[in-house]
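Every number here is computed from the coordinates shown, using simple stated rules; none is lab data. Just so it is clear, the structure is predicted and the values come from calculations on it, not from any experiment. Cβ coordinates were reconstructed from backbone atoms using ideal geometry, including for glycine residues, and neighbour counts include every protein chain displayed.
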Amino acid sequence: MDWDPADIVAALHKAGWSLRRLSFAHGYRSDALKHALRRPYPRAERIIAEALGREPRELWPSRHGGGDAGGPAVTNGPPSGPCPHGDSGQDTTPGE
């Protein structure tokens with residue numbers, strides 16, 4: 001599971017950085033690195049991760065091939081095959 005953006009900001013502060021200062025230190029606009037908190041931005045992810053002594057895949061595993069499918073598990077319907085509880089899938093509401 002990806003780190004929460006607030007946890008990343010808190011960890012940066014503990015390490016003596018703000019996103020703004022880190023942006024400036026790497027030649028970016030003041031708000032440039034904050035975009036990596038909400039969407040993929042590989043260069044910014046690398047800068048943030050290095051400031052925390054980590055790899056980007058540790059902070060954002062869903063963006064870097066973490067998990068079985070390379071991202072969070074998403075289901076688009078019921079699992080295939082019989083239900084382990086014997087449910088036939090038909091409505092069996094009593095009294096109807």
Checklist outcome for this item: Quick note, the range 5-63: a/c under 1.5 would make it rounded; otherwise a/b > b/c is prolate and the rest oblate (a ≥ b ≥ c, C-alpha gyration tensor); here it is oblate
Item to check | Which of 61, 48, 24, positive extreme of dipole for the range 5-63 (C-beta unit charges) | outcome: 24
Checklist entry - If you put +1 on each Lys and Arg Cβ and -1 on each Asp and Glu Cβ, how big is the dipole of the range 5-63 around its Cα centre, in Debye rounded to 20? => result 180
Checklist entry - Residues with beta-carbon under 13 Å from that of residue 34, excluding residue 34: net charge, scoring Lys, Arg +1 and Asp, Glu -1? => result +3
